[in-house]
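In what follows, a single structure is set out as structure tokens and then discussed.
The values are calculated or read from the model by the stated rules, or taken from the named source; none is laboratory data. Just so we're clear, the structure is a prediction, and the values are computed from it rather than from any experiment. For neighbour counting, all protein chains shown are included, and Cβ atoms are generated from backbone atoms with ideal geometry for every residue, glycine included. With ligands, DNA and RNA removed, areas are computed over all heavy atoms of the protein, side chains included. Shrake-Rupley method; radii C 1.70, N 1.55, O 1.52, S 1.80 Å.
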Amino acid sequence: MHISLEALQILDAIARKGSFAAAATELERVPSALTYSVRKLEEDLDVLLFDRRGYRAKLTRAGEELLEQGRQLLAAANELERRVKRTGKGWEVELRLALDNLISFERVLPIIEDFEKQMTGTRLRFSFEILTGVWEALLEGRADIVLGAAEGGPDLVRMSGVFQSRHVASVDWVFAVAPQHPLAQVEGPLPPDLIAQHRAIAVGDTGRNLPAVSFGLLSGQDTLTVPSLRDKLMAQVAGLGCGHLPRGYCAPWLLDGSLIEKETLQTKPPANLHLAWRKAAQGKCTKWFIQRLSEPATMAHLLNIQP
């Protein structure tokens, strides 16, 4: 190949500085060395890269095309060099985190901002899963860390010895309906047989290979399944159905009266959420997130849990 990264660096410097002499000063080379490199490249490519008739070194159309594409190669080479150096220092090139959709992404943003202060250059990739889909993301290698995984996990996780998990938070549930919903006017705790007469709003399990699970649904109850917790919340605010919601998640709507909390004879136990990862993960980025997401204050913020 006739085009080297060094030749592209020279071409870039000349174009930015406007002359061979100024570019030579920046690159700490003598002007004659730059002149030789450019002429050699022109001979190899059989094209003129600079119009030398004026005072300033001006690129020809061919030179402009080479520089435009060449700068992309230089940027890619610089990024590759930075990635190799980061990897050598123990920082991962990329970290993938799967979150249960009990967590609002906007509440994750301050954590990302704090991580950026580490100046690691690690790329972060977030995704959201529901119920068994959280564990499945870890099992199938689509995530390096999962947050919000339900207690216990499938046998493949618990018995393999490959994964490690820890309890990080408990979520309290509230049975909520819109003011216009028929159950809003019922006095006293709601019995299961009465609740079963009304449509439940449920979030669909995103697991594709593990057996799907559901919580809080009654036998024979009509169900509207929606794609996310936010959609479930909005459906209940619209009066389309009833169901349990995380107290912290729906707190603003309870406060402004868009939803009404109803007592039930059968209470839904708190959800115990886990942080999980592969035991073999030793990267600094992984360790940083494990430590940060294990902090009670962090989880209280993520789940809007009031002290």
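Brief remarks follow.
- Scan segment 249-272 for residues that are under 20 Å from Ser228 (Cα atoms) and either hydroxyl-bearing (Ser, Thr, Tyr) or in contact with an Asp or Glu (Cβ under 7 Å, 6 or more places away or on another chain) (or both) and the total you get is 5.
Okay, residues lined up against (1) within 30 Å of Ile290 (Cα to Cα); (2) in contact with a Lys or Arg (Cβ under 8 Å, 6 or more places away or on another chain):
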{"residue": "Ser170", "(1), (2)": "yes, no"}
{"residue": "Ala176", "(1), (2)": "no, yes"}
{"residue": "Gln185", "(1), (2)": "no, no"}
{"residue": "Gly188", "(1), (2)": "no, no"}
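- Check on Val30, touching a helix residue (DSSP H, G or I) at 6+ places or on another chain (Cβ under 8 Å) and farther than 24 Å from Ala75 by Cα: yes
- Identity of the residue in segment 160-179, outside any strand (DSSP E or B) and at negative phi, that ends up modelled with the lowest pLDDT: Ser160
- Restricting the first member to segment 234-253 and to residues that are touching a residue at least 24 places away in the same chain (Cβ under 8 Å) and over 16 Å from Ser104 (Cβ atoms), and the second to residues that are assigned to a helix (DSSP H, G or I) and open to solvent by less than 50 Å² (accessible area, probe 1.4 Å), the beta-carbon pairs closer than 7 Å and six or more apart or on different chains are Gly241/Ala235; Cys242/Leu183; Cys242/Ile195; Cys242/Gln236; Gly243/Lys232; Gly243/Gln236.
- Members of segment 250-293 found to be in contact with a Ser or Thr (Cβ under 6 Å, 6 or more places away or on another chain), open to solvent by less than 30 Å² (accessible area, probe 1.4 Å) and not in a strand (DSSP E or B), listed by number: Cys285
- Any hit, segment 226-249, residues being under 29 Å from the mean Cα position of the chain (by Cα), open to solvent by less than 70 Å² (accessible area, probe 1.4 Å) and more than 22 Å from Ala178 (Cα to Cα): no
- Wholly enclosed helices (runs of 4 or more DSSP H) of segment 1-104 bearing at least 2 residues of a type in the set (Val, Ile, Thr) and modelled with pLDDT of 85 or more: 5-17, 31-45
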